[in-house]
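**Q** Handing you a structure now.
The values are calculated or read from the model by the stated rules, or taken from the named source; none is laboratory data. The structure displayed is predicted, hence computed values, not measured ones. When we count neighbours, we look across all protein chains shown, and the Cβ atoms used for this are built from the backbone with ideal geometry, even at glycine. These accessible areas exclude ligands, DNA and RNA; they are computed on the full protein's heavy atoms, side chains included. Shrake-Rupley method; radii C 1.70, N 1.55, O 1.52, S 1.80 Å.
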Amino acid sequence: MRLRSLSKNLLLRVLVAIVLGIVVGLFLPEWLARVFMTFNGIFSQFLGFLIPLIIVGLVTPAIADLGRGAGKWLAVTAAIAYGSTIFAGLLAFLVAKATYPWILGGERTVNGLENPEDHALSGFFEITMPPVFDVMTALVLAFCLGVGITLIKGNVLHDGFSELRTIVMRIVEKVIIPLLPVYIFGMFLGLTMNGQIMLVITTFLRVVILAFIMTIVILVIQYCIAGLVARRNPFVMLKNMLPAYATALGTASSAATIPVTLACTKRNGVDDRVAGFTIPLCATIHLSGSTMKIVLFSLAIMTISGMPISTGQYIGFVFLLGVTMVAAPGVPGGAIMAAVGILQSTLGFDQTAVGLMIATYVAIDSFGTACNVTGDGAIASVMDRMLRGKDGQLRDAPPVPAAS
């Protein structure tokens with residue numbers, strides 16, 4: 001069974017897992033819930049171990065397949081991803097500046113909020129699975145090897161990494177995707193049984209609603225541009241990405257959603273080789289949804305706390321945040337942890353403000369992640385169109401069979 005067919009039924013299974021997690025979390029005894037937390041801990045460790053291998057196993061042969069023009073296209077992809085991230089941050093800033101004076105104008109204190117992760121249920125035991133290398137090392141290694149393979153004669157390395165891609169995809173098809181709904185069920189089970197989550201959401205309810213609206217606006221803009229470039233219906237493209245959106249909503253991890261995002265992107269007509277290098281790459285460097293959320297909630301905290309907001313200083317923060325997001329791991333909460341340093345150094349957040357920022361971010365982490373991965377599909381469609389010549393064939397790519 002291929003990823004393309006697996007993704008067709010995944011959306012329903014993920015939605016059922018989310019609903020069951022919320023409903024069952026209202027009455028399930030804690031000891032039984034900890035069984036699922038134990039599974040989630042083990043599965044999360046395995047995902048962390050596998051993600052660098054997914055990046056190397058997919059990105060390296062995909063770059064090699066693109067041929068000698070791969071280095072240029074990597075730079076173009078990174079530039080588009082950075083531009084999309086900055087656009088989302090600046091748009092969120094403008095919207096917040098226009099709306100916060102009247103939706104948050106009367107609020108000046110926030111009481112009783114702590115980091116929801118401090119109250120999370122734990123499993124009965126943990127199994128540590130350290131990855132062979134971290135995500136950034138995997139990306140750099142994949143770039144170097146992929147571009148290097150295009151510059152040498154012979155097919156030994158190319159064939160070897162093509163076989164590694166097959167191995168990685170088999171693990172994804174047979175292990176990761178079938179178990180994802182169970183993992184997502186456990187995630188929402190834990191969130192429902194965590195009282196701090198609901199406290200955060202109700203306290204910042206208007207900002208949460210605004211963030212959700214902004215997610216829709218950003219995705220519509222991204223896909224209208226992608227549809228214009230790729231000459232496809234943007235709303236059909238968005239519909240095809242729903243399984244990836246729902247999976248990211250459940251996992252809160254861009255990296256864990258890579259296999260599903262790949263399958264959805266291919267349904268939008270993107271060549272396997274193009275999808276194979278843009279999706280894993282963008283899962284790490286394209287965080288438009290996370291940036292939008294950090295901007296909205298940091299400005300909300302500054303507004304409520306009465307902190308001064310300098311337009312010039314904040315725009316500089318957005319551009320710096322876009323760079324910082326490249327180093328953010330594609331795991332739950334990775335973006336906010338990467339941003340803590342510049343929140344303190346650029347905006348002057350103290351420990352209380354940082355703790356409140358983490359609490360608000362973690363509470364709705366999934367929505368930003370879902371926006372991130374869905375937007376990755378738009379970038380892949382743009383790159384697919386840019387890589388094709390007038391004859392519709394990929395430029396700079398050797399005539400090798402596309403991976404399934």
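**Q** Quick one: which of 245-254, 204-213 comes out on top by average Cβ neighbours within 10 Å, and what's the full order, highest first?
**A** 245-254, 204-213
**Q** I need the calculated FRET efficiency for the pair Glu126 and Ala98, taking r as the beta carbon distance and R₀ as 51 Å, to the nearest 0.05.
**A** So the FRET efficiency works out to roughly 0.65.
**Q** Please compute the Kirkwood hydrodynamic radius over region 9-387, one decimal place, Å, based on all pairs of different Cα atoms.
**A** Computed over region 9-387, the radius equals 21.1 Å.
**Q** Ordering Lys174, Lys266 by how much accessible area each has at a 1.4 Å probe, largest first, what is the list?
**A** Lys174, Lys266
**Q** Here's another thing I want to ask about it. So what does Thr128 come to for accessible area, using a 1.4 Å probe and Å² rounded to 10?
**A** Answer for Thr128: close to 100 Å² accessible.
**Q** While we're on this one: In terms of solvent-accessible area of protein heavy atoms at a 1.4 angstrom probe, what is the ranking of Asp134, Asp384, highest value first?
**A** Listed by decreasing accessible area, they come as Asp134, Asp384.
**Q** Could you tell me the accessible area of Met386 in Å² (1.4 Å probe, neighbours in place), rounded to the nearest ten?
**A** Approximately 70 Å² for this residue.
**Q** On to the next question. For the pairs Lys97/Lys293; Lys153/Lys174; Lys174/Lys266, flag any whose C-alpha to C-alpha distance is greater than 23 Å.
**A** Where the Cα-Cα span goes over 23 Å, the pairs concerned are Lys153/Lys174.
**Q** Something else: Quickly rank 300-307, 147-154 as a protection proxy: mean count of other C-beta atoms within 10 Å, highest first.
**A** Most protected by this proxy first, the peptides run 300-307, 147-154.
**Q** Between Phe133 and Asp159, what length comes free when the chain is fully extended (0.36 nm per residue of separation minus the Cα-Cα distance, one decimal in nm)?
**A** Length difference between fully extended and current span is 7.1 nm.
**Q** Would you mind getting the accessible area per residue of region 9-387, heavy atoms of the protein chains only, 1.4 Å probe, in Å²?
**A** Dividing the accessible area of region 9-387 by its residue count gives 39 Å².
**Q** I'd like the accessible area for Ile42, computed on protein heavy atoms only with a 1.4 Å probe and all protein chains in place. Round to 10 Å², please.
**A** 50 Å²
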